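Data first, discussion second: the structure below is written as structure tokens.
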Amino acid sequence: AQSVSQHNHHVILSEAASLELGCNYSYGGTVNLFWYVQYPGQHLQLLLKYFSGDPLVKGIKGFEAEFIKSKFSFNLRKPSVQWSDTAEYFCAVNSFSNTGKLIFGQGTTLQVKP
Amino acid sequence: ETGVTQTPRHLVMGMTNKKSLKCEQHLGHNAMYWYKQSAKKPLELMFVYNFKEQTENNSVPSRFSPECPNSSHLFLHLHTLQPEDSALYLCASSQEASGGANEQYFGPGTRLTVT
């Protein structure tokens with residue numbers, strides 16, 4: 001069965017520190033990859049997505065993610081985090097063989113200290 | 001501001017009650033989804049509707065009954081729930097339910113507590 005694994009469950013950083021959140025998936029075929037963010041008290045929002053083309057994708061608020069097919073990974077990065085980045089981050093995958101089914105990781109809670 | 005709305009935002013119900021959750025999307029999408037978000041667990045897909053037809057039931061117990069009268073509205077009817085069903089129930093929509101470029105937009109969720 002397809003699965004998504006996020007290695008870090010809870011990350012605490014100081015402002016201006018660099019961020020990298022790991023995401024690995026288990027599926028050998030063509031996939032679409034997503035990072036969603038859920039700020040405290042708000043709904044899930046799309047941060048960025050990869051469908052095809054350049055494996056380095058840029059999203060909103062200075063986030064980027066790199067798709068490395070050989071490693072089945074789609075890690076999220078930000079060079080310098082801000083207090084407002086405190087949120088829960090979810091990696092998700094769907095495959096061309098699925099009928100719209102998104103498989104989510106368990107989420108990573110990011111706490112940024114001012 | 002989200003184009004997907006959910007009501008109610010909070011719901012407390014007893015195990016013998018019957019209630020319904022409502023979702024409405026204002027994005028002109030053709031696919032709608034129900035997810036369950038429990039603490040410390042990944043979001044779990046429950047149901048998928050594509051052009052009003054159910055295309056996915058992820059082994060959900062029959063005490064959860066979805067209804068999709070049109071592409072803009074989705075309901076989740078609840079009856080004889082268990083305390084372990086307490087969770088945040090999220091609705092989402094997308095242009096259509098396919099394995100292609102399928103960006104989903106989420107509502108704020110209904111926080112359900114079963115007593």
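Read-outs throughout are calculated quantities, based only on the coordinates presented, and are distinct from any laboratory measurement. Worth saying up front: this structure is predicted, and the values here are computed from it rather than measured. Please note: Cβ atoms are built from the backbone with ideal geometry, for glycine as well, and neighbour counts cover all protein chains shown.
At-a-glance table
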| quantity | calculated |
| --- | --- |
| Residues of region A:94-114 satisfying the condition of being within 10 Å of the chain's Cα centre (by Cα) and more than 10 Å from chain B (Cβ to nearest Cβ) | A:Thr108 |
| Single condition A:Leu47 does not satisfy, out of (1) away from every other protein chain (no Cβ under 14 Å); (2) within 26 Å of B:Gly3 (Cα to Cα); (3) buried (at least 20 other Cβ atoms within 10 Å of the Cβ) | (1) |
| Region B:52-85: number of residues that are touching a residue at least 40 places away in the same chain (Cβ under 8 Å) and part of a loop (DSSP other than H, G, I, E, B) | 5 |
| Breaking point among (1) in contact with a His (Cβ under 9 Å, 6 or more places away or on another chain); (2) within 17 Å of A:Gln45 (Cα to Cα), for B:Leu43 | (1) |
| Identity of the residue in region A:81-93, surrounded by 12 or more Cβ atoms within 10 Å (Cβ to Cβ) and of a type in the set (Gly, Ala, Ser), that ends up nearest to the other protein chains (Cβ to nearest Cβ) | A:Ala92 |
| Lone unmet requirement of (1) within 12 Å of chain B (Cβ to nearest Cβ); (2) out of contact with any Asp or Glu (no Cβ under 8 Å at 6 or more places or on another chain) for A:Ile60 | (1) |
| Subset of region B:1-38 that is among the charged types (D, E, K, R) and not in a strand (DSSP E or B) - its residue that is surrounded by the fewest Cβ atoms within 10 Å (Cβ to Cβ) | B:Glu1 |
| Failed item in (1) more than 13 Å from chain B (Cβ to nearest Cβ); (2) within 17 Å of A:Val11 (Cβ to Cβ); (3) surrounded by 14 or more Cβ atoms within 10 Å (Cβ to Cβ), with A:Phe67 passing the rest | (2) |
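For every residue, the table says whether it meets (1) touching a helix residue (DSSP H, G or I) at 6+ places or on another chain (Cβ under 8 Å); (2) within 11 Å of chain A (Cβ to nearest Cβ); (3) in contact (Cβ under 8 Å) with a residue 60 or more places away in the chain; (4) not hydrophobic (A, V, I, L, M, F, W, C).
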{"position": "B:His10", "(1), (2), (3), (4)": "no, no, yes, yes"}
{"position": "B:Met13", "(1), (2), (3), (4)": "no, no, yes, no"}
{"position": "B:Thr16", "(1), (2), (3), (4)": "no, no, yes, yes"}
{"position": "B:Ser20", "(1), (2), (3), (4)": "no, no, no, yes"}
{"position": "B:His26", "(1), (2), (3), (4)": "no, no, no, yes"}
{"position": "B:Met32", "(1), (2), (3), (4)": "no, yes, yes, no"}
{"position": "B:Lys40", "(1), (2), (3), (4)": "no, yes, no, yes"}
{"position": "B:Leu45", "(1), (2), (3), (4)": "no, yes, no, no"}
{"position": "B:Tyr49", "(1), (2), (3), (4)": "no, yes, no, yes"}
